[in-house]
């Protein structure tokens, strides 16, 4: 089963939006990616939706 993750990154300071679509093989990989992104982009708001 594939997991398609839509990530929307909103900058509070720069005022732009970025969207990424990334495919994963497991739900655990999705969670690891989200956690890493939240640490890396601590000035950003991250919204994620998983489409099965």
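The values are calculated or read from the model by the stated rules, or taken from the named source; none is laboratory data. The model shown is predicted, which means the values in this text are computed figures rather than measured ones. Here the Cβ is made from the backbone with ideal geometry for all residues, glycine too, and neighbour counts use every protein chain on show.
Starting from residues that are under 10 Å from the mean Cα position of the chain (by Cα) and surrounded by 14 or more Cβ atoms within 10 Å (Cβ to Cβ), keep the ones in region 1-17 and report whichever is modelled with the highest pLDDT.
My answer is 5.
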### Summary
Among (1) surrounded by fewer than 14 Cβ atoms within 10 Å (Cβ to Cβ); (2) outside any strand (DSSP E or B); (3) modelled with pLDDT under 80, residue 32 falls short only on (3)
### Message
Restricting to region 35-49, name every residue that is exposed (fewer than 13 other Cβ atoms within 10 Å of the Cβ) and modelled with pLDDT under 70.
### Response
39, 40, 42, 43, 45, 47, 49
